[in-house]
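Novice: The structure's right below; bear with me while I get my questions together.
The values are calculated or read from the model by the stated rules, or taken from the named source; none is laboratory data. What you are looking at is a predicted structure, and each value in this text was computed from that prediction instead of being measured. Every residue, glycine among them, receives a Cβ derived from its backbone with ideal geometry; neighbour counts consider all protein chains shown.
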Amino acid sequence: MQAETTSQPATRPAREAKTSRRMLIWREMKKNKHHYVLLSPYMILFFLFTVIPVVFSLILSFFYFNMLEFPRFVGWQNYSRLLFNDDVFMIAVKNTFLFAVITGPVSYVACFLFAWIINELSPKVRAFMTLVFYAPSISGNVYFIWLIFFSGDAYGYLNGFLIKYGFIMAPIQWLTNEKYILPIIILVQLWLSLGTSFLAFIAGLQTVDKTLIEAGAVDGIKNRWQELWFITLPSMRPQLLFGAVMQITASFAVADISIALAGLPSVNYAAHTIVTHLIDYGTIRFEMGYASAIATVLFAIMLGTNLLTQKLIRKVGE
């Protein structure tokens, strides 16, 4: 009896605290209802076309579904097949990580450095240079240019140059030789990397408070590198995080470049990535359950990498 009587007063304050917290949240929601109304169109579309498909894909990964028959529950069979019996997937994982390790950090640093340099220019020159650097990422026929450049006959730009000046005697099949395919795709991706992250860094540099720079000079900041590390980077942490997420997504989700330049599948799967493997099973073989398992594994890899990147960015300027 004593235990019951002592437990009831102990739980009553906790319940009252929960009730008051709910009331506070409800009052804040009523106070800011206009904000929620304005956000609702985006949130509805986000849930309909992002959250719900991701949840359905996760559920479907435990089923066998070929678009013709009713889904059949197979448990962990798709994942065991993917991780232990699919040799091509292991090649795709190796290529994807190699691609991400090279293009992710290099393109991220390149985006920031170019943005930092361009930000020092006059407004008109800055606007022009921003357009010049950003244009390749929005060009529609960009792959056509690189197909001509790396064409396997003597009329290709690179082969024509090398033959003309005596470096080679016969044309090199750049896009059908597995030794060259992946480096070429990495090069093209780096060329295309000055996209959304680049614009985010330009915007972030514009919002850095100039008074902080003046205060830093008084406190002992001696050069531009110290100003960059202790003032500029900490002031634009949101843009740095956004750029990191975009670069990670782009480096792990490479597919269009590989398919356009090397085909699907590429020679000996030299340019095969996790996303091209997903496209193969999802849009060609119509094994939707297996494709969903591939998508879930890729989502887990991206999520883990993003969490690690967030921890690193929080240490900037410390």
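Novice: Considering only residues that are in contact with a Phe, Trp or Tyr (Cβ under 9 Å, 6 or more places away or on another chain) and over 11 Å from F89 (Cβ atoms), which ones fall in the range 277-295?
Specialist: G282, F286, E287, M288, G289, A291, S292 - these are the residues of the range 277-295 that are in contact with a Phe, Trp or Tyr (Cβ under 9 Å, 6 or more places away or on another chain) and over 11 Å from F89 (Cβ atoms).
Novice: Tell me, which residue of the range 277-318 that is under 16 Å from the mean Cα position of the chain (by Cα) and not hydrophobic (A, V, I, L, M, F, W, C) is surrounded by the most Cβ atoms within 10 Å (Cβ to Cβ)?
Specialist: So the residue we want is T296.
Novice: Looking only at the range 182-228, how many residues end up being within 30 Å of F99 (Cβ to Cβ), of a type in the set (G, A, S) and not in a helix (DSSP H, G or I)?
Specialist: Looking only at that region, the number is 2.
Novice: Which residue out of E16, E28 is part of a helix (DSSP H, G or I), acidic (D, E) and modelled with pLDDT of 75 or more?
Specialist: Of E16, E28, the one residue that is part of a helix (DSSP H, G or I), acidic (D, E) and modelled with pLDDT of 75 or more is E28.
Novice: I'd like the full set of residues that are of a type in the set (S, T, Y) and crowded, with 24+ Cβ neighbours inside 10 Å, limited to the range 264-275.
Specialist: T273
Novice: Go through G304, G282, G289 for me and flag whichever is touching a strand residue (DSSP E or B) at 6+ places or on another chain (Cβ under 8 Å) and of a type outside the set (F, W, Y).
Specialist: From the options G304, G282, G289, the qualifying one is G289.
Novice: Let me ask something else about it. What are the pairs with Cβ atoms under 9 angstrom where one residue, in the range 191-215, is on the phi < 0 side of the Ramachandran plot and the other, located anywhere, is in a helix (DSSP H, G or I) and of a type in the set (K, R)? Sequence gap at least six, or different chains.
Specialist: The qualifying pairs are I202/R126; G204/R237.
Novice: Has the range 73-87 got any residue that is of a type in the set (D, E, K, R), at pLDDT below 85 and surrounded by fewer than 17 Cβ atoms within 10 Å (Cβ to Cβ)?
Specialist: no
Quick grid of which residues meet (1) in contact (Cβ under 8 Å) with a residue 60 or more places away in the chain; (2) under 18 Å from the mean Cα position of the chain (by Cα); (3) surrounded by 13 or more Cβ atoms within 10 Å (Cβ to Cβ):
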{"site": "F89", "(1), (2), (3)": "yes, no, yes"}
{"site": "Y108", "(1), (2), (3)": "yes, yes, yes"}
{"site": "F114", "(1), (2), (3)": "yes, no, yes"}
{"site": "N119", "(1), (2), (3)": "yes, no, yes"}
{"site": "M129", "(1), (2), (3)": "no, no, yes"}
{"site": "F133", "(1), (2), (3)": "yes, no, yes"}
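Okay, residues lined up against (1) part of a helix (DSSP H, G or I); (2) under 14 Å from A291 (Cβ atoms); (3) touching a Pro at 6+ places or on another chain (Cβ under 6 Å); (4) of a type outside the set (G, A, S):
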site: Y42; (1), (2), (3), (4): yes, no, no, yes
site: V54; (1), (2), (3), (4): yes, yes, no, yes
site: F70; (1), (2), (3), (4): no, no, no, yes
site: G75; (1), (2), (3), (4): no, no, no, no
site: L83; (1), (2), (3), (4): yes, no, no, yes
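Novice: If you don't mind, another one. Run down T283, T305 and say which single residue is modelled with pLDDT under 90, out of contact with any Asp or Glu (no Cβ under 7 Å at 6 or more places or on another chain), part of a helix (DSSP H, G or I) and within 14 Å of N66 (Cα to Cα).
Specialist: None of the others qualify; the one that does is T283.
Novice: Would you call T276 among the hydroxyl-bearing types (S, T, Y), free of Cβ contacts under 8 Å to residues at least 24 places away in the same chain and in a helix (DSSP H, G or I)?
Specialist: no
Novice: Would you be able to tell me the number of residues in the range 139-181 that are outside any loop (DSSP other than H, G, I, E, B) and in contact with a Leu (Cβ under 8 Å, 6 or more places away or on another chain)?
Specialist: Looking only at that region, the number is 6.
Novice: Now for a separate question. How many of the residues making up the range 213-229 are in contact with an Asp or Glu (Cβ under 9 Å, 6 or more places away or on another chain), closer than 22 Å to R314 by Cβ and not β-branched (V, I, T)?
Specialist: Total meeting the criteria: 1.
Novice: Which one is modelled with the highest pLDDT, of the residues in the range 156-182 that are among the hydrophobic types (A, V, I, L, M, F, W, C) and surrounded by fewer than 16 Cβ atoms within 10 Å (Cβ to Cβ)?
Specialist: Ranking the qualifying residues of the range 156-182, first place goes to F161.
Novice: So which residues in the range 229-253 are among the aliphatic types (A, V, I, L, M) and assigned to a helix (DSSP H, G or I), if there are any at all?
Specialist: I231, L233, L240, L241, A244, V245, M246, I248, A250
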